[in-house]
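Here's the structure we're looking at; comments come further down.
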Amino acid sequence: MRIKRHGSMLTDAILIADEQHLESHSDDRSPGQLVNTASIPGIVGEAWAMADWHFGYGFPIGGVVATGIEQGDQGGAISPGGVGFDINCGVRLCAVDIEASEIDGKNLASSLSRSIPAGATRKGGIHLDPTNMESVLSEGAKAAVELGWGEARDLSAIESNGRLDSKNHEVGARAEKRGSTSLGTLGSGNHFLELQIVDRVVDAAAASAFGLREGQVTAMIHTGSRGLGHQVCSEHVSTIESRYERSDDGWFCEEWGFRTADRQLASAPIHSREGESYLDAMRAAGNFAFANRSALTQRLRETLRGIAGADGDLEVIYDVSHNIAKVEEHRVHGSNCKCCVHRKGATRALGGDHPELASRFSGVGQPVLVPGDMGTASWVLAGPKEGSNDAFSSSCHGAGRRLSRTAARKVVDARSLVERLEGEGVYVRAKTPGMLSEEAPEAYKDVDEVIGLTGDAGLARPVARLRPFAVIKG
């Protein structure tokens, strides 16, 4: 659905939806947020909202916006609100070498609940001294491997090989303190570790390339940079927003000549001191998130090996970022463009001829990991077989919220939810059971509908559907 340029918009905006999907939203502020993002200085191409779009901080969740690196004297804008507070929140999918018939889902859920640190606290996290913290912030997943919290063979199956180029990796003392004991922890909210069964394959060739087959057990880990990333975002949001003053038609920064309709969209030129500082710190926080998912993978490996011995091993299929800004080359309206692509609640969907992908994905496309809800299903999609899609090689990243957390708590009883899911063969273990209401299946959109819209829009194609049976929440 195209929203034509009007008012302060610098370009059109595109919303992945149909009339039924649009009418099902209980919160209709997101299209307005998308319109606002189309006014970001230096924007190139259209402003996009993926099919899982919903209300967020400044940008709608599911927002994809690119700005030109060479726009103006200092480049186009980079906006912390266009990445979000959980920097490099992402998903890792692993194949488990166990048959579903060999697993007692209830007992496995209990074992995982004991071995996987989860919840709002940092309890159970790995302690990082200053030297190890420096390594994690600069080397990401590779540092986790060197510290014994990952395996070298995993690195080629991680977006950007699990490392973003941070030159200074200065995240600040308070951020480092928050991260010093949180590595290897799941967190809370919508973060989870989930055991699943592949219940349907719809693209046999892509599934084979990804290492998926019907009836197979998989493990999905969804988490990010924890308090470290939140602190990085908070500090840079404060610094950049403070440069803006209220004007008749929004907010204005006199020094940079930047104007925005919403203060939460405050941004800095990418080549300014503030822009470069945020980009570098964001990459360092992103490296922490890659290392965090690696450490959680290793904890999962150890638990499964303890239960099933050598048969309990697992292989990483892929690991994707959901909240990140990346400098990439794209073709925009017929011309090549070096862009800073903001993906907030969106994942890359690279084509099968992209040089960054491992050879096993050649001619197939990048695995796109889309968690749904803990009572229904998740999906694996694939990027184009070659080339790129129109949305800066981007796709949806989940089902997307249908109800706010407050609204979900009003209509869902957590105890009844757990009993209902267990009756359906889904065993949920949570450190804070009362918070489960916020994550109930009815709080989310229909993931199958979101996948259908994504496929119809030509952004990514469905490969396999994964049904949960053991879920660990914070």
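Figures for the structure shown
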| read-out | value |
| --- | --- |
| Scan of segment 304-332 for residues that are closer than 28 Å to residue 194 by Cα, in contact with a Lys or Arg (Cβ under 9 Å, 6 or more places away or on another chain) and surrounded by fewer than 18 Cβ atoms within 10 Å (Cβ to Cβ), ordered by number | 311, 313, 315 |
| Given (1) assigned to a helix (DSSP H, G or I); (2) at pLDDT 95 or above; (3) basic (Lys, Arg), number of the condition residue 385 does not satisfy | (1) |
| Residue satisfying all of: in segment 52-78; over 15 Å from the mean Cα position of the chain (by Cα) and on the phi > 0 side of the Ramachandran plot; surrounded by the fewest Cβ atoms within 10 Å (Cβ to Cβ) among these | 72 |
| Residue in segment 317-365 that is farthest from residue 54 (Cα to Cα), counting only those that are touching a His at 6+ places or on another chain (Cβ under 7 Å) and in a loop (DSSP other than H, G, I, E, B) | 322 |
| Selection count where residues are assigned to a helix (DSSP H, G or I) and either in contact with an Asp or Glu (Cβ under 9 Å, 6 or more places away or on another chain) or surrounded by fewer than 18 Cβ atoms within 10 Å (Cβ to Cβ) (or both), scope segment 419-448 | 13 |
| Search result, residues across segment 102-133 that are over 27 Å from the mean Cα position of the chain (by Cα), part of a helix (DSSP H, G or I) and closer than 19 Å to residue 303 by Cα | 102, 106, 107 |
| Residue within segment 26-44 that is in a strand (DSSP E or B) and at pLDDT 95 or above present | yes |
| Odd one out for residue 335, checked against (1) surrounded by fewer than 24 Cβ atoms within 10 Å (Cβ to Cβ); (2) in contact (Cβ under 8 Å) with a residue 12 or more places away in the chain | (2) |
| Elements of type strands (runs of 3 or more DSSP E) in segment 242-303, at least 1 residues being free of Cβ contacts under 8 Å to residues at least 12 places away in the same chain and more than 28 Å from the chain's Cα centre (by Cα) | 245-247, 250-253 |
| Test: residue in segment 192-202 that is on the phi > 0 side of the Ramachandran plot and either over 23 Å from the mean Cα position of the chain (by Cα) or in contact (Cβ under 8 Å) with a residue 12 or more places away in the chain (or both) | no |
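The values are calculated or read from the model by the stated rules, or taken from the named source; none is laboratory data. Everything numeric in this text was worked out from a predicted model, so none of it was measured. Don't worry about glycine lacking a Cβ; one is built from the backbone with ideal geometry, like all the others, and counts go over all protein chains shown.
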